[in-house]
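First the structure, in the form of structure tokens, and then the observations on it.
The values are calculated or read from the model by the stated rules, or taken from the named source; none is laboratory data. Worth saying up front: this structure is predicted, and the values here are computed from it rather than measured. Here Cβ is always computed from backbone atoms with ideal geometry, including for glycine, and neighbour counts include all displayed protein chains. These area figures cover heavy atoms from the full protein model, side chains too; ligands, DNA and RNA do not enter into them. Shrake-Rupley method; radii C 1.70, N 1.55, O 1.52, S 1.80 Å.
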Amino acid sequence: LTAEWTRRRDSLARSLGGQVAYQATIQFNLGAGELSVVSVPGEFTKAARDLRNLEHGKVFLYPGEQMANGVIVEKEAVSRLLLTSLQAHDQSILFVIRQTPEEYRRSQQPPDKPMMKEVSAFPDSRPVSYWEDIDTHLAVETSRSTAETAGILSFFVQELKQDGWLIPGDAPGPSSSVLMGLKGLQVCCVSIRSNAGGERFITVLHKTLGKK
């Protein structure tokens, strides 16, 4: 991170009444960037309004949802902003990914094939996004499919077990949408959500513990 951007980011966090909780060098799709995570106390609506005012209306709110995002384009860098609510804790989290214009362009398109090496992708699913924390080897891949949630979970249970993973507790039930797996120091989490169009968004998180 440049000193100028660090000062600006820290100033933004203070203006929102929050603080920088985490920063890392990441890969986002095919482009590299710097991720900053800002913890913002208080109600989401106030945080979103304050952020929108600070960035001169360049942050867009989603009516009825606890999420807002925007893209700030400057001559030497592009910043993606995503504000999301943690309702249970009465606070919000602001994710900022800062990239050069070239790296931003590389990140614009989803990957043309699955990028996560440690966990197999669901067959015929279409990649949506991939990001990896280069420093801690934490990777998150999202894909989309029209298959049913139960069938998707069944696939991952079988794949993980065949590859030596332990599935803690009972196998996921018919109403489940989350699966956890353990393999030595590796942790895997599969989460599935549906949209109004009947698609399933499959998010796979992989982390090797002890790598910081």
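Table for the structure above
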quantity: Hey, residue 96 touching a residue at least 12 places away in the same chain (Cβ under 8 Å), buried (at least 17 other Cβ atoms within 10 Å of the Cβ) and not in a strand (DSSP E or B) or not; calculated: no
quantity: Subset of segment 139-157 (residues that are closer than 18 Å to residue 26 by Cα and open to solvent by 40 Å² or more (accessible area, probe 1.4 Å)); calculated: none
quantity: Evaluation of residue 25 against (1) crowded, with 17+ Cβ neighbours inside 10 Å; (2) under 30 Å from residue 116 (Cα atoms) (one fails), failing number; calculated: (1)
quantity: Residue within segment 63-76 that is farther than 26 Å from residue 195 by Cβ and surrounded by 14 or more Cβ atoms within 10 Å (Cβ to Cβ) present; calculated: yes
quantity: Out of 45, 25, 6, sole residue that is in a helix (DSSP H, G or I), closer than 22 Å to residue 74 by Cβ and not basic (Lys, Arg); calculated: 6
quantity: Selection status of residue 194, under 30 Å from residue 72 (Cα atoms), within 14 Å of the chain's Cα centre (by Cα) and among the small types (Gly, Ala, Ser); calculated: no
quantity: Residues of segment 33-46 satisfying the condition of being surrounded by fewer than 19 Cβ atoms within 10 Å (Cβ to Cβ), over 14 Å from the mean Cα position of the chain (by Cα) and in contact (Cβ under 8 Å) with a residue 40 or more places away in the chain; calculated: 39, 41, 42, 43
quantity: Lone qualifier among 14, 49 - being at pLDDT below 90, surrounded by fewer than 16 Cβ atoms within 10 Å (Cβ to Cβ), basic (Lys, Arg) and more than 21 Å from the chain's Cα centre (by Cα); calculated: 49
